[in-house]
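Working notes, beginning with the structure itself.
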Amino acid sequence: MAKKTKFAFFSSSSPKSLPSSPSSFTSFPASPLNQNFTQSTMEEAVEKAESVIRKWDPNTPSFTKIVSLFNHSRKEAKEFIRCVRDLRRAMHFLVSQDPQSPKLALAQTLMEIAMTRLEKEFFQILSSNRDKLDPESVSGQSSISSNSEFEDIMQSDDDDEDDNEIKKAGESITQVEKASAVVMSDLKAIAESMISCGYGKECVKIYKRIRKSIVDEGLSLLGIEIYKGSRFHRMDWVTLEHMIKNWIKAAKIGVATLFRGEKLLCDHVFSASNSTRESCFYEIANEAATNLFRFPEFVAKEKKSHERIFSLMDLQAAISDLWQDIEMIFHFDSVADVKSQALTSLRKLKVSIHSALTDFESTIQKDSTKALTPGGGVHKLTRSTMSFISSLSKYSSVLFEVIADHPLHRNTRLLESYVRTPITEDEEHNHALSVHLAWLILVLLCKLDTKAEHYKDVSLSYLFLANNLNVIVETVRSTQLRDLLGDDWLSKHDDKLSAYAANYEIAAWSNVFMSLPEEPTDLSPEEAKIYFRRFHTAFEEAYMKQSSRVVPDAKLRDELKVSIAKKLVPEYREFYRKYLPMLGQEKNIEILVRFKPDNLENYISDLFHGTPILSSSSFSSSSSSSSWMSLGCVSG
């Protein structure tokens, strides 16, 4: 530190320059008129301070030039701080009572030496105790500022041993926290001493330089860089997605640990001066924190596509989760830019997320796939869309905020009757989201209706609709969509699914159902033969056509088989039992009656796996050989 005449302001010609003490003047009044003070006691204080301060003069060739006072002896360090305090008090007295006193000139010299020593100690403590002042250690003891035992370590007039002081500070505090608390108290004692003596700028300058470098280094180790918008324009999505994932992890650590720790340390060290701690924290954190929260804004400004919506929502959720900490840590007016930047990023993210939702809806509507799904199976648009919507439901809190700011501009009155009526306040908040998700599903259903029209076979259209609606309903039932859309939505779409299945059965199997006599009646052998031929022809045609149909869902597949069998097999079994005996003498009976009831059930059980029968000859030969091995037992 350069040689100064810092205390020239103690001359009687410039009393207005007397330093105001943020803390020490509370215990030691600045008024030089205190009647308890005498000139002799003040001069004795100067003499006593001289022996202590000169011993630790950093400009002398003694061992104290290279040894840290606070590391060498905490007892001497406390005595040094007390001497500085007494020296300052003596100087206040002398400047008002005897400005020409030679002791005042000596005191000024001693104060210069003391400030040089404390400035050096402050730098050494900050530099050599980074492990004890790392943000995680500091953040772990957020109540340290209220721990009077530690705060009084340097100010105490007791001469107890160091170990006793630490022990009195609290048995529950870990060794790391104890070491950290002691270092923080040392820094606080030095800072208060230097500020009260008019050396605040030197103290603050050192603090800002060292702690800012630590914050910047910490963010760099977390992968945070100086963000520039131009770089994002040239970046591919894979790289950007990786940066987003890293940013979310880094932001949580950066806010909850790094900046929080710096705020606590700054508040503790400079607790005596609100303006100083605000200024320090601004210089250390403002630029870095503003840059940190600029990243989501740059991401939000990039090309908006629904494939990127989940990364955008992850960013919004991360900032929202950190918001309480952001408000608490950056509450000073000087660092309001940090909160402003975080809010700007949130606003830009909401706009981008809303645009992605709009893009998603447009993608469904504009899907122009012409190829028909073989066998009436599930269209890839259905699977991809429902996978996307079910994933959206996991971000209900994020989407609620987006939709609240950007409501759905559609006629949704009918949709509102489909989703759960809100009862609680939380359900009321989610209602708009429920309607929005129901709308997206409706857009998909409308698109599927259009695609179903491309099938030339009506039964295949209904089976296609049933298969795809089943995927939609089961996705809703098995995901968080159920909580959002409610049981009424499920019930109404279950009914719609049943209607599609029933219409498929009518369109695909009605000719078979109608090939047998409707009412129980007595038929002649010739009439019975006609009905057998009619039934077998209708069943062969229906089965050959329906054998290529696909129902991927096992539950729906079984339900369809059971329903068809219930309508068909019992009636045929009764007809078969009643009229086959009267045809027992017919020649080539195996050609006339090709199915027995049990074989019919077997054929139905093989449906909906997409394995078509290619010709009636292969169908007839397989059925005949299996049927007529037991026909004689029935007819005989």
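The values are calculated or read from the model by the stated rules, or taken from the named source; none is laboratory data. What you see is a predicted model, and the numbers here were worked out from it, not measured in a lab. All Cβ positions, even for glycine, are placed from backbone atoms using ideal geometry, and neighbour counts span all protein chains on display. Heavy atoms of the whole protein, side chains included, go into the accessibility calculation; ligands, DNA and RNA do not. Shrake-Rupley method; radii C 1.70, N 1.55, O 1.52, S 1.80 Å.
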Cβ contacts < 8 Å: first residue assigned by the TED database to the domain that holds residue 124, restricted to the range 71-84; second residue assigned to a loop (DSSP other than H, G, I, E, B) and open to solvent by 20 Å² or more (accessible area, probe 1.4 Å), any location; separation 6+ or different chain. Result?
75/159; 78/156; 81/155; 82/157
The lone condition residue 133 fails out of (1) outside any helix (DSSP H, G or I); (2) of a type in the set (A, V, I, L, M, F, W, C); (3) over 54 Å from the mean Cα position of the chain (by Cα) is (3)
Can you tell me how many residues in the range 597-617 are at pLDDT below 85 and either closer than 23 Å to residue 504 by Cβ or over 60 Å from the mean Cα position of the chain (by Cα) (or both)?
7
Testing residue 55 on (1) modelled with pLDDT of 85 or more; (2) open to solvent by less than 30 Å² (accessible area, probe 1.4 Å), one condition comes back false. Which one is that?
(2)
Identify the residue in the range 484-522 that is crowded, with 17+ Cβ neighbours inside 10 Å and touching a residue at least 60 places away in the same chain (Cβ under 8 Å) and, among all such residues, is nearest to residue 573 (Cα to Cα).
505
Those residues of the range 304-326 which are aromatic (Phe, Trp, Tyr) and within 13 Å of residue 346 (Cα to Cα), in sequence order
323
Filter result (among the β-branched types (Val, Ile, Thr) and within 56 Å of the chain's Cα centre (by Cα)) within the range 535-577:
550, 551, 562, 564
Among the residues of the range 281-308, count how many are assigned to a helix (DSSP H, G or I), open to solvent by less than 40 Å² (accessible area, probe 1.4 Å) and in contact (Cβ under 8 Å) with a residue 60 or more places away in the chain.
9
Considering only residues of the range 361-377 that are open to solvent by less than 30 Å² (accessible area, probe 1.4 Å) and closer than 20 Å to residue 466 by Cα, which is farthest from the chain's Cα centre (by Cα)?
375
